[in-house]
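Please read the structure below before turning to the comments.
Read-outs: derived from the displayed coordinates by stated rules, not from any lab. Given the structure is predicted, the values throughout are model-derived calculations rather than measurements. Using ideal geometry, Cβ is built from the backbone for each residue, glycine included, and neighbour counts are taken over all protein chains shown.
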2 protein chains.
Amino acid sequence: MRIRDLPTPALLLDDARMERNIRRLSTRLAAHGVGFRLHAKTLKCVEAARRAMTAPHGPVAVSTLAEAEWFADGGVHDICYAVGIVPCKFERALALRRRGVKLSLLLDSAEAARALAAFGEARDHAFDVLLEIDCDGHRSGLSPESAGLGEAAGVLAAHGQHVAGVLTHAGSAYDLAAPSARAFAALAEQERSAAVAAASALRAAGHACPVVSVGSTPTALFCQDFSGLTEVRAGVHVVQDLVMAGLGVCAVEDIALSVLCTVIGRRESDGALVTDAGWTALSRDAGLPGRFADVGYGLVLAEDGTLLAGLRVAETNQEHGVITARPKSATPAFPVGTPLRILPVHACATASGFDAVHLCRGAETMDVWTRCRGW
Amino acid sequence: MRIRDLPTPALLLDDARMERNIRRLSTRLAAHGVGFRLHAKTLKCVEAARRAMTAPHGPVAVSTLAEAEWFADGGVHDICYAVGIVPCKFERALALRRRGVKLSLLLDSAEAARALAAFGEARDHAFDVLLEIDCDGHRSGLSPESAGLGEAAGVLAAHGQHVAGVLTHAGSAYDLAAPSARAFAALAEQERSAAVAAASALRAAGHACPVVSVGSTPTALFCQDFSGLTEVRAGVHVVQDLVMAGLGVCAVEDIALSVLCTVIGRRESDGALVTDAGWTALSRDAGLPGRFADVGYGLVLAEDGTLLAGLRVAETNQEHGVITARPKSATPAFPVGTPLRILPVHACATASGFDAVHLCRGAETMDVWTRCRGW
């Protein structure tokens, strides 16, 4: 089938670029002898995950319990739910564990540990629990030196829960003031050393702490020293996006995801192209405020994947995208009905609007894969 | 059922606020004797639309053909697909027409008119076609004086298609430099006069042009003169949002939509609250750049709907929201597991992440309604 025969907007996944992106990281991690856990939150798609996982059953990290259930249904049974667990999600997590899924849970306080430990004890179940470590002040987690770390682990162990290890994520990688290979390598070392320090502290307190998990796409791709780590997590590297290209993590030509759209018309006043890919298809994610402003809500490809240099999605409404060149007068007058493809600013956000992704090679589609949605 | 028993994140719709919002506009339009066409793109929910439509069968405007099919399945049979039609969507539009749905289509060029006319003629079908008018340079449409207007209508009529009328949308209402009741009234007059002028031009050329349709929530609520109009379209007025409150179109207390979330933890470094409502639940829509910065990605309510003054969602990641007060030290230390509600910046974008909406009164849920998704 030709991609131009798909109803638009549609999410396209370039097979060759995806394979190249997957190999780039897997080759690197294999050379260093460290494990890999795919973060599946970008595509949320079992078929795509099978390309990137080290084995058909995993391992993966997920961002919702709906994903955990989706991947379990797809035969993946080593799953880390990498968002802090709260009481309203205990029952669903237990149901997955009782199905035989090796599901690990995450938390970052003695308070959360007490709630989970009480539930586990009451239900006669030992959960595998990872303690979230803060390596860069990005979002959440305990610092490796925090008294809360030993306290949380102690609460879990005292109530028969399994302290499976530590997990950290250098989310500040996406926000570096001066991104470079050297800066990512330095951040990766900060991520590694925080995780290893936390694991050492827990081991000193008598917890075996078998898992030491780190990761983000930039740190995974530029890390120089993996010692003390058992696994690296990454996900967006499979498809890449304009944020990653803007950070220098990949080239624009590596981006494997795009949104197929159709030209609806041309604005009378300035010749801008209006398409049917608005923010429901592209998302309103324009990267970090003030960064990557030159790509707007996405760069533009021809139907066959060739970059149309100088064009970008300058505006989005719910079901309208507005494409302009700079200067606007240079915007080409494509006819109504012309298919175009938009490269995503943030692949996770763009993919989240779609229920399926079309695998393609050039201007042909090979397969259609269903995505998990919701929570 | 108590809302705190829902899995989070969940989309909540306050019944009383919705009813008040619906009455505010319906009372106004009834007093002026002008028709009302609900734009269903915010909630995309048949049950909610039944509260706002003037009759169980419509009329509605929709932003995707998936919505048109969804509403047709729900018994609504007067539907305007208010986004420019392109060839890859002709077959689905025809299928709806052949089911007996009074579906009108939109276009804004002789080029698009030629494509649709050729298809209609080949399939022996007369479509109802609205010509899109540009009243404010916002996005798309023909100016009332454009030669393209008569040309498009002429092409349609010559090939047996029905020139049903004109439609315009003052999208710049959301972007006024100095929003006020007076400014919205002036823009409404600009919207009205553009539509009426276009209809007059078409009538002078021999087209009956029965429909003269205008609308946006701000112009609908502040319009002073509806003469010459047959219908007003609005949609977000049903639930309102922080953009509308920021523009002075409604009060924060009118916002009927919120996202229920759960406190996952507190950031060690600054006491920020971390919740499970990230951008998949709230969207990355932060309103217009530089506007409404004080609301971040949303304001915060207690479980019962009481505004927690001073709190806002300052950051969002995929499945994490970060809530802070200003100063951050004033952020309350809610326990892990606390349910909170987030008011949306842009209701359409926030709702788009959810497959269902929970109707609620106070802290109790009354019903759950399914939403249309995709295209």
Item checked: Mean-position separation - Cα centroids, the stretch B:315-366 and the stretch A:1-52, in angstrom -> 32 Å
Notebook entry, point to check: If you take all C-alpha pairs in the stretch B:269-375, what percent of them are over 20 Å apart?
Noted result: 41 percent
Next item on the list: Once you have the Kirkwood Rh of the stretch B:295-345 from its Cα pairs, apply Stokes-Einstein at 4 °C and 1.567 mPa s and quote D in µm²/s.
Entry: 116 µm²/s
Check: Gaussian network model of chain A, Cα springs within a sub-10 Å range: biggest mean-square fluctuation belongs to which of A:309, A:115, A:93?
Finding: A:309
Check: How would you rank B:174, A:297, going from fewest to most other Cβ atoms within 10 Å of each one's own Cβ?
Finding: B:174, A:297
Notebook entry, point to check: Can you list, shortest first in nanometers, how far residue A:98 lies from the same residue in the other copies, with each label 7 Å from Cα toward Cβ?
Noted result: 5.0
Next item on the list: For chain B, with a Gaussian network of springs between Cα atoms less than 10 Å apart, report the residue from B:294, B:276, B:73 with the top mean-square fluctuation.
Entry: B:73
Checklist line | Rg(Cα)/(2.2 N^0.38 Å) for chain A, N = residue count | finding: 1.05
Notebook entry, point to check: Taking neighbour counts of Cβ atoms within 10 Å as a proxy for exposure, in what order, fewest first, do B:151, B:67 appear?
Noted result: B:151, B:67
Margin query: Defining the label point at 7 Å along Cα→Cβ, can you sort the distances from residue B:302 to the same site in each other copy, shortest first, in nm?
Written below: 6.2
Notebook entry, point to check: Quick one: if you stick a label point 7 Å off each Cα along the C-beta vector at residue B:47 and residue B:16, how many nm between them?
Noted result: 2.0 nm
Item checked: Spatial separation of Cα centroids for the stretch A:182-224 and the stretch B:261-292, in angstrom -> 26 Å
Item checked: Relative contact order (%) - criterion: Cα under 8 Å, at least six apart; region: the stretch B:24-175 -> 16 percent
Notebook entry, point to check: For label points placed 7 Å from Cα toward Cβ, what is the shortest-first list of nm distances from residue A:271 to its copies?
Noted result: 5.7
Next item on the list: Report ³J(HN,Hα) in whole Hz for each residue of the stretch A:144-155, in order, from the Karplus equation J = 6.51 cos²θ - 1.76 cosθ + 1.60 where θ = phi - 60°; Gly and Pro get x.
Entry: x, 8, 5, 5, x, 5, x, 5, 4, 4, x, 4
Next item on the list: State the residue of chain B whose Cβ is nearest the axis carrying B onto A, and the distance in whole angstrom.
Entry: B:284, 2
Next item on the list: Sort out for me the Cα centre separation of the stretch A:79-152 from the stretch B:119-179, rounded to whole Å.
Entry: 56 Å
Notebook entry, point to check: When chain B is modelled as a GNM with alpha-carbon springs shorter than 10 Å, which of B:269, B:258, B:146 fluctuates the most?
Noted result: B:269
Item checked: Note, ³J(HN,Hα) from phi for the stretch A:85-95, Karplus 6.51, -1.76, 1.60, rounded to Hz, x at Gly and Pro -> 7, 10, x, 5, 10, 4, 4, 5, 5, 5, 4
Margin query: Skipping prolines and chain starts, which residues have an amide H placed within reach, meaning under 5 Å, of the one on residue A:298, given they are 5 or more residues away or on another chain?
Written below: A:313
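Using a/c under 1.5 as the rounded threshold, could you call the stretch A:38-192 rounded, prolate or oblate? The axes a ≥ b ≥ c are square roots of the C-alpha gyration tensor eigenvalues, and prolate needs a/b larger than b/c, oblate otherwise.
oblate
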Note to self: 5 Å is the cut-off here: which amide hydrogens, built 1.01 Å from N in the peptide plane, fall below it relative to residue B:168, excluding neighbours closer than 5 in sequence?
What the structure shows: B:133, B:213, B:214, B:215
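How long are the semi-axes of the ellipsoid equivalent to the protein assembly as shown, from square roots of 5 times the Cα gyration tensor eigenvalues, in whole Å, largest first? Numbers along the way, then the final one.
Numbers: eigenvalues 437, 168, 96 Å².
That gives 47, 29, 22 Å for the three semi-axes.
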Notebook entry, point to check: Using modelled amide H (1.01 Å from N, peptide plane; none on Pro or chain starts), what sits under 5 Å from the amide H of residue B:146, excluding residues fewer than 5 places away?
Noted result: none
Note to self: Using Cβ counts within 10 Å as a stand-in for footprinting exposure, how do A:3, A:255, B:133 rank, fewest first?
What the structure shows: A:3, A:255, B:133
Notebook entry, point to check: Where Lys and Arg each count +1 and Asp and Glu each count -1, what net charge lies around residue B:214 among other residues with Cβ under 12 Å from its Cβ?
Noted result: -3
Margin query: Suppose every Lys and Arg Cβ carries +1 and every Asp and Glu Cβ carries -1, with no other charges. What dipole size does the protein assembly as shown come out with about its Cα centre, to the nearest 20 debye?
Written below: 380 debye
Next item on the list: Would you list which lysines come within 21 Å of residue A:41, measuring only between C-alpha atoms, while excluding same-chain residues fewer than 8 positions from it?
Entry: A:89, A:102
Next item on the list: Determine the calculated [θ] at 222 nm for the protein assembly as shown from helices alone, applying -39500 (n - 2.57) to every DSSP H run no shorter than 4 residues and normalising by the residue count; nearest 500 deg cm²/dmol.
Entry: -9000 deg cm²/dmol
